[in-house]
Each structure stands twice: as C-alpha cells, then as structure tokens.
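The structure appears below as structure tokens.
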C-alpha cells in the first residue's frame with residue numbers, strides 16, 4: 001500500500017526485453033536509504049518488486065499486463081514518481097493507493113504557471129461513475145483532489161509543492177498518465193451496481 005505522497009522523482013535509465021516482459025532499471029536517491037531486494041516500490045503509481053539493487057539503481061520486471069495497462073513501457077527515458085511502501089504507524093497524508101492501475105488516459109489540457117497548475121484529463125465512459133468533485137484520484141502515483149467533473153473530463157488543481165516535487169512539470173497535452181481510482185469509492189459504486197442488478201433480476205423473475 002502507498003499514500004500518494006511522492007518521496008522523490010527518479011529516472012528510467014534502462015529497458016531490456018525478456019520474452020514478453022521488460023526488465024526496468026530506475027535510478028533514484030532518497031528511497032535507497034532503507035530499501036532491500038523484495039521490497040515494493042511505487043513507480044508512477046505502479047507497484048513493482050525490487051529484484052536487484054546496484055548503487056542508486058534498482059531493477060524490476062514489468063509483466064505483459066503491466067506494459068499494456070501502464071505508461072512504464074512508453075518511452076526510452078522518463079522521469080518517474082517514486083514512493084516506498086507504507087509502514088504501519090506512518091501518517092497518511094494523501095489517500096490509500098494499492099499500486100494497481102485501473103486505466104491509462106491522456107492529458108487533454110494543462111496550464112502550468114506561477115508555480116501552480118491546472119490539469120484536465122479524459123475519463124473513459126466505463127469509469128465516469130467513480131469520480132466526484134472533491135474526491136481523490138491517483139495520477140502517476142500522486143494523491144490528488146478532483147476540482148471539477150464535467151461529463152467526460154475532470155479538472156485537477158496543482159499546488160506549488162506538488163508541481164515542484166513530482167513529474168507533473170514534464171506533462172504536456174497528449175501525455176499518457178496512469179490512473180488509479182479511489183478504492184473506497186470503487187467499492188461503494190461497484191456494490192451499488194451489483195445490488196441494483198440483483199434487484200432488477202429479482203423483479204424480472206417475479207413479473208414472469
């Protein structure tokens with residue numbers, strides 16, 4: 001589990017194909033204070049297992065599914081957000097993230113100026129019930145608050161600290177980002193949908 005409070009940005013310095021997988025090499029700094037082989041690291045919101053550590057670089061294997069659902073396989077070099085797994089007893093400054101990406105989407109529009117920013121992203125139709133104004137969203141592993149919901153788009157305001165300490169400054173219109181839905185909202189919405197479906201089935205059976 002993670003909090004969405006990014007500890008530092010790192011850089012992808014290598015991608016090596018292995019069958020249908022990719023061995024990813026990520027260079028960082030602060031996170032190497034206490035990580036060890038087998039630890040979970042959030043890289044752009046994706047929970048990866050640390051398989052090898054050499055100096056300030058660690059490697060992880062990206063499965064075919066991870067490559068198909070996230071942006072980690074998209075570029076030859078990339079600035080990424082890094083966060084170590086949550087410890088019991090730690091403060092949770094953002095919201096709980098699992099590190100399992102629900103979908104990728106594109107930045108539709110953004111304005112980054114005066115050390116703040118506004119980002120507008122597209123939400124595919126099947127996911128739109130999961131987002132509400134003032135709700136939480138995970139974007140590339142960053143815990144953010146939704147400012148506005150407009151049919152197929154949501155808008156997010158970025159404060160100076162977030163802009164300075166994450167990879168958002170690298171975004172541009174068309175950038176692919178990883179999105180994780182707030183798991184509490186997802187559980188509530190999915191439960192409601194299942195209940196309504198069962199209710200409809202029961203009603204149909206009673207009629208006939």
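Read-outs throughout are calculated quantities, based only on the coordinates presented, and are distinct from any laboratory measurement. If you're wondering where the values come from, they're calculated on a predicted model, not measured in any experiment. Heads up, the Cβs are rebuilt from the backbone with ideal geometry, glycines too, and the neighbour counts pull from every protein chain shown.
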Fill in the blank from the handout: Here the FRET efficiency for residue 114 versus residue 152, based on Cβ atoms and R0 = 35 Å and rounded to 0.05, is 0.80
Fill in the blank from the handout: Going from the fewest other Cβ atoms within 10 Å to the most, one would list 180, 196 as 196, 180
Practice task
Before anything else, pin down the relative contact order of the chain: Cα pairs under 8 Å, at least 6 apart, normalised by residue count, whole percent.
Solution key: 23 percent
Practice task
Apply 1/(1 + (r/R0)^6) to the Cβ-Cβ distance of residue 53 and residue 172, taking R0 = 25 Å, and write down the FRET efficiency to the nearest 0.05.
Solution key: 0.15
Practice task
With the convex hull built on the Cα atoms of segment 133-178, state its orientation-averaged projected area in nm².
Solution key: 3.4 nm²
Fill in the blank from the handout: P(r) of segment 100-208 over all Cα-Cα pairs, 10 Å bins starting at 0, rounded to whole percent, reads 13, 43, 24, 11, 6, 3, 0
Problem - Fewest-first sequence of 140, 90, 39, 34 by Cβ atoms within 10 Å of each Cβ - result: 34, 90, 39, 140
Handout entry: Relative frequency of Cα-Cα separations exceeding 13 Å in segment 41-99, percent
Key = 68 percent
Exercise for the section: In square nanometres and to one decimal, what's the mean projected area of the convex hull around the Cα atoms of segment 73-142? Expected result: 7.0 nm²
Exercise for the section: Write down the radius of gyration of the chain and its Dmax, each obtained from C-alpha positions, in Å. Expected result: 18.6, 69
Exercise for the section: Estimate the FRET efficiency between residue 164 and residue 18 by the formula 1/(1 + (r/R0)^6), using the beta-carbon distance for r and 35 Å for R0, to the nearest 0.05. Expected result: 0.45
Exercise for the section: Quick one, can you get me the convex hull of the C-alpha atoms of segment 1-91 expressed as volume per residue in Å³? Expected result: 93 Å³
